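Enquirer: This structure is in structure tokens; I'll ask about it shortly.
The values are calculated or read from the model by the stated rules, or taken from the named source; none is laboratory data. Values in this document were obtained by computation on a predicted structure and should not be read as measured data. A quick note on method: Cβ atoms are made from the backbone with ideal geometry, for glycine too, and the neighbour counts reach across all protein chains shown.
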Amino acid sequence: MKKSVLIILFLTAVTYSISIMPASAQNPVNCDMTLETTIQGFNVYNHNPSGATMYKAKMYIDADGSPRAYGPNNSGLDWTANAGSTGNWWGVVADNNGNPILQSSSDPYPGMYVSTTSLVNSSYSSTNPLRYVNSEAVPFFVLPSAVVTLGGIHIGDIGYVYNTLTGLGCYAIYADGGPSGSLGEGSIYLANQIGVNSNARTGGTSSAIIDYIIFPNSGAGQGTIPTIAQVNSIGTTLINTVGGTGITACLDAPGSDHTAPTTQISIPAGWETADFTSTFTDADNTGGSGLDKSFYQVLDYNGAEWHANASNGFFADNFDSYNAPVWTVPAGSGTWNVSSGNLIQSDSSVNNSNIYASLNQNLSNRYLYQFYAMIDPAAYSSSQHRFGFHFFSDNGALANRGNSYFIFFRQESSALEIYKSVNDVFSLEKTINNVAINFSQWNDYKIIFDRTTGKIDVYRDNIFLGTWTDPSVLTTQGNYISFRTGNCKASISELKVYRSRLPSVTISVGPAATNDIRYQNPDSATCSGRIKSIVNDGAGNLSTIASENIYVDWTDPSCVTVNDGSSSDIDTIHSLSSLSANWTASADANSGITKYWYALGTSPGASDVVNWTDNHMNTSITNSGLTLTPGQIYYYSVKPVNGAGLHSLCSSDGVLAALTTSISENENAINVSIQPNPFNENAAIFFSQKKEQRITITLSDILGKEIKLADTFYSAGEHRIDVNTDELKLAKGVYTFRISSDRYTSSLRVIKY
């Protein structure tokens, strides 16, 4: 029977929808509000015309009341530690010995604990799961006692909850009480209705995007759990008395700046081969509180992990591995290791663990430190669970990091503490209460420190928690950062450090250790640099983080081997109208090869015959229709070009346009050639004629000095005259042979190398 009732409740929950009265039946919206209190940085207002309590806050997920909320060995929807512990159970029914009562076989989930809520159905006994408001089937919200007292709110009162991000709203009831220092919590069913992740362990939102409007004295009071239809009916009537759901806009009224500023990054298009300028466009909303400060970070990728140049004031560690050269753990300072992208301190018996790294924090006026952290409920016997972060330290190895500042979160007292350490003796400077720290919940922490004014601002999940300004600021101590835990197991992820900046900055690029980006792309698709930007406004709102990937290549591609000819390299051609070349493929590990340019000229790298021409990715070329000069050496040059536009200049060893002279008239014709040309050891002149003739052969060097080689009658037929005889002993250079008869003269140029 109990199971049947539960099933009916689930089915009923999903069939009702919210109906809104037409605008004509609504009163006008009136944003006359009075600030009542601030909890966790969220302002709580009284709506003066109606007496409603209004606030914009986060939404954590409360599984309480679900018959499967908690169970032995964390078998429920939520961590068992969130319901209490042996002898101190506040979220489940316990027996006289302080042990949780298990559901029986007739209950909805036998073997699970009986989870409680503040609002009950008095028709059922205290050990019956149906006595309590089922988080999975009923939309309800949770309130701390301060809000209840200030607003005159009673258990079972009706409210309207609205997600400003999704635009979804839902009527709900006040059904459970929460920690005094935490504001913003709702049931699993409510989260589903307004588009929030409803997982009790990992869901919810830490962003201030949920509006809560609560009407005092609007419910049936203790002992009755209304149906969803009844909640919707009462809620519709009440919301129209204050002008409809548009009343939520009052939480963003002028003078209450909840809108985050924006930031954008502009860099030169394409690949970066040297230092470049990054320009930032930062803006606050119209009528907002104005920009306060702008920050940036430069990261680089070494081919395995992302980091940043700590000497230049940036820091980045995603904890892909334990980077021993970066981090130092003094003896007895905890057990630190890296697993699954998290830095973990696992020794909860240590009351002051320490892992520190070097970071130059003396280059900009302000620094922004960001990291994610979570503490584990499994802990040492101590009742304290603490973790924090030291910054602007002058000695990371000391117990209190020498001269430094540090923030500390205390789970047991729901407090944020800000400390200053001078000569390694710390003093508590400010305590910010009502900062609840939930076990096993990841949070995004940001600290802004102004080293010129001493002002420290602390955020969690982009919600401002508190501030303190040091009247006697440590101005030149910023050389180290450090994590610190006390009697708890903590996990840390994605540590980033930003510097304040101007609207444009120069990003240095190159292999030197002093540069911002010290590495080139490991391949054409994987960037090796990244710029990030974040800004805050006068009201303390933080922008989303803008990011721009940087593709870097400062190295020329490899040179190629250029061969004259269409296959293997040749030294001589006998055509004066056509030349060919081919070359090996170039390589570029960073940006890849995109094309080859070639040119043809009379010296290496010259383009006086064929101008530089894009040959795309082809590695051979034939040029026809040329007018070459006999005896001239020609060189093909090739430029491999990479993705960054860089190139190498590579040339062939040259090819000689040789001459075969044909004096081709009647029987007096003489055919002459020289082979090989160019030559090293020896060459020969070959000539043939049809009849006997007197032929004179002379050799002259580049200075015009002439040597007569022959002057005699030669019979018809082919003849050979050696050029480099022992008598001549020609030096390296260019020579001209002149062959003449009584009627014909011809010249041939030859090169000795």
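Enquirer: Have a look at T127, T117 and point out the one that is in a loop (DSSP other than H, G, I, E, B), of a type in the set (S, T, N, Q) and surrounded by fewer than 24 Cβ atoms within 10 Å (Cβ to Cβ). Let's see the steps before the verdict.
Expert: Values: T117 fails: surrounded by fewer than 24 Cβ atoms within 10 Å (Cβ to Cβ).
Being in a loop (DSSP other than H, G, I, E, B), of a type in the set (S, T, N, Q) and surrounded by fewer than 24 Cβ atoms within 10 Å (Cβ to Cβ) holds for just one of T127, T117, which is T127.
Yes/no per residue for (1) under 30 Å from G592 (Cβ atoms); (2) in a loop (DSSP other than H, G, I, E, B):
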| site | (1), (2) |
| --- | --- |
| A249 | no, no |
| P268 | yes, yes |
| S278 | yes, no |
| D282 | no, no |
| T286 | no, yes |
| S289 | no, yes |
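Enquirer: Let me ask something else about it. Outside the structural domain of S591 (by TED's automatic domain parsing) and either within 23 Å of R749 (Cα to Cα) or surrounded by fewer than 13 Cβ atoms within 10 Å (Cβ to Cβ) (or both): is that true of L699 in this structure?
Expert: So L699 fits the description; yes.
Enquirer: Residue check: is T127 in the same structural domain as S180 (by TED's automatic domain parsing) and out of contact with any Phe, Trp or Tyr (no Cβ under 7 Å at 6 or more places or on another chain)?
Expert: Criteria not met by T127.
Enquirer: Is it the case that segment 72-91 has a residue that's within 26 Å of C250 (Cβ to Cβ), assigned to a loop (DSSP other than H, G, I, E, B) and among the aliphatic types (A, V, I, L, M)?
Expert: no
Enquirer: Filter segment 561-594 down to residues that are under 26 Å from C527 (Cα atoms) and either in contact with a helix residue (DSSP H, G or I) (Cβ under 8 Å, 6 or more places away or on another chain) or surrounded by 15 or more Cβ atoms within 10 Å (Cβ to Cβ) (or both), then give me how many there are. Outline the logic, then answer.
Expert: Residues of segment 561-594 under 26 Å from C527 (Cα atoms): 585-594.
Still in the running and either in contact with a helix residue (DSSP H, G or I) (Cβ under 8 Å, 6 or more places away or on another chain) or surrounded by 15 or more Cβ atoms within 10 Å (Cβ to Cβ) (or both): 586, 588-594.
Looking only at that region, the number is 8.
Enquirer: Residues V142, V148, V161: which one is assigned by TED's automatic domain parsing to the domain that holds N48, part of a strand (DSSP E or B) and under 22 Å from G223 (Cβ atoms)?
Expert: V142
Enquirer: From the list S427, S393, S472, S421, which one is within 28 Å of L363 (Cα to Cα), touching a Phe, Trp or Tyr at 6+ places or on another chain (Cβ under 6 Å) and of a type in the set (G, A, S)? So that I can check it myself, show each step before the final result.
Expert: Details: S427 fails: touching a Phe, Trp or Tyr at 6+ places or on another chain (Cβ under 6 Å); S472 fails: touching a Phe, Trp or Tyr at 6+ places or on another chain (Cβ under 6 Å); S421 fails: touching a Phe, Trp or Tyr at 6+ places or on another chain (Cβ under 6 Å).
On inspection, the qualifying residue turns out to be S393.
Enquirer: A follow-up question, please. Hey, S4 hits all of (1) at pLDDT 95 or above; (2) part of a helix (DSSP H, G or I); (3) not acidic (D, E) but one; which does it fall short on?
Expert: The number of the failed condition is (1).
Enquirer: Mind listing just one residue for me: the one in segment 422-436 that is touching a residue at least 24 places away in the same chain (Cβ under 8 Å) and of a type in the set (S, T, N, Q) and, of those, farthest from Q477 (Cα to Cα)?
Expert: Among them, the one singled out is N434.
Enquirer: When you look at S482, is it assigned to a strand (DSSP E or B) and either in contact with a Lys or Arg (Cβ under 6 Å, 6 or more places away or on another chain) or not assigned by TED's automatic domain parsing to the domain that holds N309 (or both), yes or no?
Expert: yes
Enquirer: Collect the residues in segment 705-729 that are modelled with pLDDT of 80 or more and part of a loop (DSSP other than H, G, I, E, B), keeping them in residue-number order.
Expert: Scanning segment 705-729 gives K705, S715.
Enquirer: Taking F319, is it in a loop (DSSP other than H, G, I, E, B), in contact (Cβ under 8 Å) with a residue 60 or more places away in the chain and within 14 Å of S493 (Cβ to Cβ)?
Expert: Spelling it out, F319 is indeed in a loop (DSSP other than H, G, I, E, B), in contact (Cβ under 8 Å) with a residue 60 or more places away in the chain and within 14 Å of S493 (Cβ to Cβ).
Enquirer: Confirm whether T712 is surrounded by fewer than 11 Cβ atoms within 10 Å (Cβ to Cβ), over 13 Å from I751 (Cβ atoms), of a type outside the set (A, V, I, L, M, F, W, C) and touching a strand residue (DSSP E or B) at 6+ places or on another chain (Cβ under 9 Å). Reasoning before the result, please.
Expert: On the way: surrounded by fewer than 11 Cβ atoms within 10 Å (Cβ to Cβ): yes; over 13 Å from I751 (Cβ atoms): yes; of a type outside the set (A, V, I, L, M, F, W, C): yes; touching a strand residue (DSSP E or B) at 6+ places or on another chain (Cβ under 9 Å): yes.
Taking the combined requirement at face value, the residue satisfies it.
Enquirer: Pick from segment 135-194 the residues that are of a type in the set (F, W, Y) and touching a helix residue (DSSP H, G or I) at 6+ places or on another chain (Cβ under 7 Å): which of them is surrounded by the fewest Cβ atoms within 10 Å (Cβ to Cβ)?
Expert: Applying the filter and picking the extreme gives Y162.
Enquirer: Also, quick follow-up: Hey, could you check segment 195-206 for residues that are β-branched (V, I, T) and surrounded by 20 or more Cβ atoms within 10 Å (Cβ to Cβ) and say which is modelled with the lowest pLDDT?
Expert: Residue satisfying both the conditions and the ranking: T205.
Enquirer: Then there is this: For segment 322-345, what are the residues that are of a type outside the set (A, V, I, L, M, F, W, C), buried (at least 19 other Cβ atoms within 10 Å of the Cβ) and either farther than 21 Å from F387 by Cβ or free of Cβ contacts under 8 Å to residues at least 60 places away in the same chain (or both)?
Expert: Within segment 322-345, S333 is the sole residue that qualifies.
Enquirer: Against the conditions (1) of a type outside the set (A, V, I, L, M); (2) closer than 18 Å to Q370 by Cα; (3) surrounded by 17 or more Cβ atoms within 10 Å (Cβ to Cβ), where does N438 fall short? Just the number, please.
Expert: Result: N438 fails condition (2) only.
Enquirer: Taking the condition within 18 Å of G195 (Cβ to Cβ) and either without any contact (Cβ under 8 Å) to a residue 40 or more places away in the chain or polar (S, T, N, Q) (or both), does T149 pass?
Expert: For T149, the condition - within 18 Å of G195 (Cβ to Cβ) and either without any contact (Cβ under 8 Å) to a residue 40 or more places away in the chain or polar (S, T, N, Q) (or both) - is not met.
Enquirer: Confirm whether I407 is of a type in the set (A, V, I, L, M, F, W, C), in a strand (DSSP E or B) and out of contact with any Pro (no Cβ under 6 Å at 6 or more places or on another chain).
Expert: So I407 passes the test.
Enquirer: Of the numbered conditions (1) in contact with a strand residue (DSSP E or B) (Cβ under 8 Å, 6 or more places away or on another chain); (2) of a type in the set (S, T, Y); (3) at pLDDT below 90, T86 satisfies every one except a single condition; which is it?
Expert: Answer for T86: the failing condition is (1).
Enquirer: Now a separate question. Please give the number of the condition Q230 fails out of (1) crowded, with 18+ Cβ neighbours inside 10 Å; (2) without any contact (Cβ under 8 Å) to a residue 12 or more places away in the chain.
Expert: (1)
Enquirer: Can I ask one more? Being within 19 Å of S207 (Cβ to Cβ) and either of a type in the set (S, T, N, Q) or in a strand (DSSP E or B) (or both) is the filter here; which residues of segment 533-546 pass it?
Expert: I534, V535, N536, D537, N541, L542, S543, T544, A546
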